[in-house]
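The values are calculated or read from the model by the stated rules, or taken from the named source; none is laboratory data. Keep in mind the model is a prediction, meaning the values are calculated, not measured. In this analysis, Cβ positions are derived from the backbone assuming ideal geometry, glycine residues included, and neighbour counts consider all displayed protein chains.
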Amino acid sequence: MIRKCLFPAAGYGTRFLPATKATPKEMLPVLTKPLIQYGVEEALEAGIHTMAIVTGRGKRAIEDHFDISYELEHQIKGTSKEPLLHEIRALIDRCTFSYTRQREMKGLGHAILTGETLIGEEPFAVLLADDLCENSGGQGVLGQMVTLYNKHRCSIVAIEKVPRHETDKYGIVAGEEIGEGLYRVHDMVEKPSPEKTPSTLAIIGRYILTPDIFDILRETPPGRGGEIQITDALLRQARKGRVLAYRFQGQRFDCGSVEGFVMATNHFYKKFHS
């Protein structure tokens with residue numbers, strides 16, 4: 001039922017300057033794979049084959065990565081280096097990639113609305129590549145959410161518990177637990193202060209959204225920071241009982257921060273070299 005995954009990838013990645021001055025943050029490598037490739041692999045594992053990517057100026061490297069490089073392949077053909085391209089070639093062969101540009105940075109809600117032309121009138125996933133998720137030996141986070149969507153047929157956000165002093169970094173949800181790790185959301189707040197937060201359940205970069213979200217986003221005024229916030233739009237759905245929050249199985253690395261990026265690199269290095 002979920003056929004498309006939207007990747008908002010137009011941000012500047014300022015926390016990684018100067019590395020991101022000419023390189024998209026989504027192309028920063030954890031070991032030998034860029035962040036966005038991990039995301040595409042997670043979407044494919046969830047049964048999604050159409051990748052819709054919202055880019056911006058200076059992001060051509062993303063398009064080039066998910067394309068064939070005939071010169072490079074010719075140069076390494078028949079050498080020990082050739083197998084190193086097998087994974088990315090498999091993704092290129094199995095997936096369809098489409099792109100559109102976000103001309104102005106007006107928040108995640110605006111980025112998702114920009115992707116409407118690539119999605120159309122159907123439910124879809126959203127994956128933020130700088131939230132690198134892994135569930136060793138089990139179903140990926142997006143796959144877990146697709147399974148839930150097939151049962152409940154409403155918008156779903158992935159959540160994890162965070163320390164109270166960090167709630168001002170996230171969208172926070174509150175609701176009633178209706179199953180193990182599954183909540184029916186009745187409130188959502190964008191980056192509340194620790195004193196005013198309704199809970200410590202933080203939204204991370206995995207969503208499944210129903211297509212009416214586009215009409216809601218069009219009517220959503222700018223919120224915190226003058227940006228169009230996806231949490232504001234989701235709250236309108238939540239007030240009708242149509243948003244679930246899911247405490248996923250697995251581990252998430254915040255690769256939008258240098259500390260999280262280093263943790264992810266160390267984790268995957270130990271995994272593959274131990």
ask   = List, please: which pairs have Cβ atoms under 8 Å, are six or more places apart or on different chains, and start with a residue in the stretch 14-35 that is surrounded by fewer than 17 Cβ atoms within 10 Å (Cβ to Cβ) and end with one that is polar (S, T, N, Q)?
value = THR14/THR20; ARG15/SER257; LEU31/THR265
key: Criterion (buried (at least 17 other Cβ atoms within 10 Å of the Cβ), touching a residue at least 24 places away in the same chain (Cβ under 8 Å) and within 23 Å of ALA19 (Cβ to Cβ)) met by exactly one of ALA233, ALA264, ALA245   = ALA264
request  = List every residue pair whose Cβ atoms lie under 6 Å apart, where the two residues are 6 or more positions apart in sequence or sit on different chains, the first residue falls within the stretch 100-123 and is within 13 Å of TYR12 (Cα to Cα), and the second residue, located anywhere, is part of a loop (DSSP other than H, G, I, E, B) and of a type in the set (Val, Ile, Thr).
outcome  = LYS106/ILE228; GLY107/ILE228
query = Of (1) in a helix (DSSP H, G or I); (2) at pLDDT below 95, ALA10 satisfies all except one. Which?
reply = (1)
Unmet requirement for GLN251, which otherwise passes all of (1) of a type outside the set (A, V, I, L, M, F, W, C); (2) closer than 27 Å to GLU134 by Cβ; (3) in contact with a helix residue (DSSP H, G or I) (Cβ under 6 Å, 6 or more places away or on another chain) = (3)
note = When the stretch 216-265 is checked residue by residue, the ones that are within 20 Å of the chain's Cα centre (by Cα) and among the basic types (Lys, Arg) are ARG247, ARG252
remark   = How many residues of the stretch 63-105 are under 19 Å from ALA52 (Cβ atoms) and of a type in the set (Lys, Arg)? The answer is 3
Number of the condition not met by LYS169 [criteria: (1) closer than 30 Å to LEU17 by Cα; (2) in contact (Cβ under 8 Å) with a residue 60 or more places away in the chain] = (2)
task = Working only within the stretch 93-119, note down all residues that are at negative phi, surrounded by 15 or more Cβ atoms within 10 Å (Cβ to Cβ) and either assigned to a helix (DSSP H, G or I) or out of contact with any strand residue (DSSP E or B) (no Cβ under 9 Å at 6 or more places or on another chain) (or both).
result = LYS106, LEU108, GLY109, HIS110, ALA111, ILE112, LEU113, THR114, GLU116, LEU118, ILE119
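On the basis of being surrounded by fewer than 22 Cβ atoms within 10 Å (Cβ to Cβ), out of contact with any strand residue (DSSP E or B) (no Cβ under 9 Å at 6 or more places or on another chain) and not in a helix (DSSP H, G or I), does GLU176 make the cut?
Values: surrounded by fewer than 22 Cβ atoms within 10 Å (Cβ to Cβ): yes; out of contact with any strand residue (DSSP E or B) (no Cβ under 9 Å at 6 or more places or on another chain): no; not in a helix (DSSP H, G or I): yes.
For GLU176, the condition - surrounded by fewer than 22 Cβ atoms within 10 Å (Cβ to Cβ), out of contact with any strand residue (DSSP E or B) (no Cβ under 9 Å at 6 or more places or on another chain) and not in a helix (DSSP H, G or I) - is not met.
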